[in-house]
Amino acid sequence: MATPLTCIRCGGAPVYYRPYSGERLCRSCFLHSIVEKTRRTISKHKMLSHGDRIGVAVSGGKDSLTLLYILSDITKGHASEIVALIVDEGVEGYREEAVRYAIQTCGKLGIRHYILSFKEAYSLTLDEAIKLRRDNSLAACTICGALRRRAIDQLAKEAGVDVVATAHNLDDILQTFLMNLFSGDIRRVVRSKVLDEPSELFTVKRIKPLMEIPEAEVALFAYLKGIPFQRASCPYMNESIRSEVRSMLNEMELKHPGIKFNLLRSYLKIISNLKLETKSFVCSLCGYPSSNQICSVCTILTKIRGEVERAKHPNTTQT
Ligand code: SF4
Ligand code: ZN
């Protein structure tokens, strides 16, 4: 008679098979394993200090809401306090729903939230910025990423947090790593650290507590916990090669379980051993710390606004 398949930890009914470790887990042991793994990541990389005020960047998607649940669980009974930082990029028919889920979850968990829209911060929504660019030389995600990082930084300062936690999971980290390698710009690899001390890009320390959790397990955690989250994808996501890199990595993992964790180990070794000279400037337009004379946000905004002006006055010669 075949041995019944049971949870490897408690003997209960399994709901998940973890291919890279060979474990079969029941609902409760699976949820526990994710919380414990996140706790270990935080401690291994010394992400938090006693009494830190943590700002969680919440988009309303599965990753950020899962992170909010896990951090509120881990910090229960500790001196640390959590607040949520919500950025509304302004994507019609997409962001409103996500922001609603984010605010709802904060209410349920008793977490205070701070919100800032692109419209308030930059006087234009992401939709408007994308309409105003005249060609595709500025990808939607490049505009969105730079403006959102700055908006989160501003919210973090307003909320007085010591550290910003973002919900990048294992897949996000690996996709970004490979995309940076493919772009041929090794400086970006160095700058994409998993633990960012205040630097030219951020004025508040950043951590990625879900960096060792595969995306599929974050999704399962959210599903099993019954966390309501936005399922629709951003309408601009296919402008980036990220989806191609995601499919490639998933195919590799399917054939060679555990290969993503090997790649993560390589990535961590590379960023800890690779030191490149980086110059620090203060942006001459906005005064923000920058790795160039003009920061990425001002470069993007100047380009978009310049294109609008040129469209209004097509006969003006540029000097
Ligand atoms: Fe922004 Fe790109 Fe993500 Fe859409 S897919 S929210 S444009 S980074
Ligand atoms: Zn600037």
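The values are calculated or read from the model by the stated rules, or taken from the named source; none is laboratory data. Computed from a prediction, not measured in an experiment: that's the story for all the values here. Note: accessible area is taken over every heavy atom of the protein model, side chains too, but ligands, DNA and RNA are not part of it. Shrake-Rupley method; radii C 1.70, N 1.55, O 1.52, S 1.80 Å.
Rounded to the nearest 10 square angstrom, Met237 shows an accessible area of 60 square angstrom against a 1.4 Å probe. Highest mobility in the GNM of the chain, judged by mean-square fluctuation with C-alpha springs under 10 Å and restricted to Ile173, Ile103, Ile111, is found for Ile111.
Can you give the % of DSSP beta bridges in the chain that are antiparallel, to the nearest 5? Each step should come with its number before you reach the end.
Values: 7 of 24 bridges.
Restricted to the chain, the bridges split so that about 30 percent are antiparallel.
For the set Lys205/Lys275; Lys62/Lys269; Lys62/Lys260; Lys37/Lys225; Lys119/Lys279, the pairs lying more than 25 angstrom apart at their alpha carbons are Lys62/Lys269; Lys119/Lys279.
Counting heavy atoms of the protein chains alone, Ile241 has an accessible area of about 80 Å² for a 1.4 Å probe. The accessible surface of the chain, taken with every protein chain in place and a 1.4 Å probe, is 53 percent carbon and sulfur. Across Asp162, Asp153, Asp171, mean-square fluctuation computed from a Gaussian network of the chain (C-alpha pairs under 10 Å connected) peaks at Asp162.
Accessible surface of Glu251, taken over heavy atoms with a 1.4 Å probe and every protein chain present, rounds to 110 Å². Quick check: from the Cα gyration tensor, does the chain come out rounded (a/c under 1.5), prolate or oblate? Because a/c hits 1.5 or more and a/b exceeds b/c, the chain counts as prolate. Across the chain, Cα pairs under 8 Å and at least six residues apart give a relative contact order of 19 percent.
If a/c stays under 1.5 just call it rounded; otherwise compare a/b with b/c (prolate if a/b is bigger, oblate if not). Do that for the stretch 62-120, with a ≥ b ≥ c from the square roots of the Cα gyration tensor eigenvalues.
Working: a/c = 2.78, a/b = 2.03, b/c = 1.37.
Since a/c reaches 1.5 and a/b is larger than b/c, the shape of the stretch 62-120 is classed as prolate.
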